[in-house]
Amino acid sequence: MTGSEAAPPIRVLFVCTGNSARSLMAEALLRHSGGAAFEVHSAGTEPKGVNPLTLRVLAEAGLDGSFARSKSVTEFVGESFDYVITVCDQARQSCPVFPGGGAGLHWGYEDPADAVGTDEERLVVFRRVFTQLGERIHQFVPLATRAGAATGS
C-alpha cells in the first residue's frame, strides 16, 4: 500500500438481543467517534424494532439516528468483521460465529428497554447506558485504529 492509498475501514458489528437500544446507541457513537476509519453496523439475535427512547437519547446528544433500523444478525452471516462486539449477555450466548479472523469482544450492559416507570424515569436508564457505551467507545477507537494500522485493515 502506498502513502496515497487509504486503509479500508475497520468493520465493526455490535450485537444485542433486540437491536432496539444498546447496539444501536453503540453504532451511532462509533459512527460519530470513529468517522471514516470505521464501517459500523448493529444487529439483534431477536430484533424488536427501534425503541423511541433510543432515538430520543441520540437526538439529545446531537447524533443522527436516521440510520437506525432493527436488523437480524442473519443479515450479516457470511460477512467478515474486524470486531464483533456483543453488548448483552444473552446475545453473547446466542451470537453466530462470524468468519474473517475478527476479534469477538463482549461489553455487557443492562438493557435500558427493560427499565420500568415513566418515560422520564426510563430515559434516565437510557442516558446512563448511552454514557457508559460512549466511555467504552472513546477507549476503543484509538486501540482499534492502531490495531487496524498494524494489520493493514
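The values are calculated or read from the model by the stated rules, or taken from the named source; none is laboratory data. All values reported here derive from a predicted model rather than from experimental measurement. All Cβ positions, even for glycine, are placed from backbone atoms using ideal geometry, and neighbour counts span all protein chains on display. Keep in mind that these areas ignore ligands, DNA and RNA; they rest on the heavy atoms of the full protein, side chains included. Shrake-Rupley method; radii C 1.70, N 1.55, O 1.52, S 1.80 Å.
Quick one: which residue in 12, 50 is in a strand (DSSP E or B) and of a type in the set (Val, Ile, Thr)?
None of the other options fit; the residue is 12.
Which of the residues spanning segment 39-59 are open to solvent by 20 Å² or more (accessible area, probe 1.4 Å) and touching a Leu at 6+ places or on another chain (Cβ under 9 Å)?
Narrowing segment 39-59 to residues open to solvent by 20 Å² or more (accessible area, probe 1.4 Å): 39, 41, 45-52, 55-56, 59.
The answer is 41, 50, 51, 55, 56.
Residues are listed down the side, and each one gets a yes or a no for (1) free of Cβ contacts under 8 Å to residues at least 40 places away in the same chain; (2) on the phi > 0 side of the Ramachandran plot; (3) in contact with a Lys or Arg (Cβ under 8 Å, 6 or more places away or on another chain):
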position	(1), (2), (3)
6	yes, no, no
14	no, no, yes
28	no, no, no
40	yes, no, yes
53	no, no, yes
80	no, no, yes
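Please go through (1) closer than 17 Å to residue 84 by Cβ; (2) open to solvent by less than 20 Å² (accessible area, probe 1.4 Å) for residue 28 and return the number of the only condition it doesn't satisfy.
(1)
Taking only segment 126-146 into account, find how many residues are open to solvent by 30 Å² or more (accessible area, probe 1.4 Å), of a type outside the set (D, E, K, R) and within 21 Å of residue 36 (Cβ to Cβ).
Number of matching residues: 5.
Those residues that are within 15 Å of residue 55 (Cα to Cα), in a helix (DSSP H, G or I) and of a type in the set (S, T, N, Q), I need them from segment 20-37; list them, please.
Within segment 20-37, just 23 meets the criteria.
What is the residue count in segment 114-125 for residues that are of a type in the set (A, V, I, L, M, F, W, C) and in contact with a Leu (Cβ under 8 Å, 6 or more places away or on another chain)?
Summing the residues that are of a type in the set (A, V, I, L, M, F, W, C) and in contact with a Leu (Cβ under 8 Å, 6 or more places away or on another chain) in segment 114-125 gives 1.
Being in contact with a helix residue (DSSP H, G or I) (Cβ under 9 Å, 6 or more places away or on another chain) and in a helix (DSSP H, G or I) is the filter here; which residues of segment 56-71 pass it?
Once the filter is applied, which keeps residues that are in contact with a helix residue (DSSP H, G or I) (Cβ under 9 Å, 6 or more places away or on another chain) and in a helix (DSSP H, G or I), segment 56-71 yields 56, 57, 58, 60.
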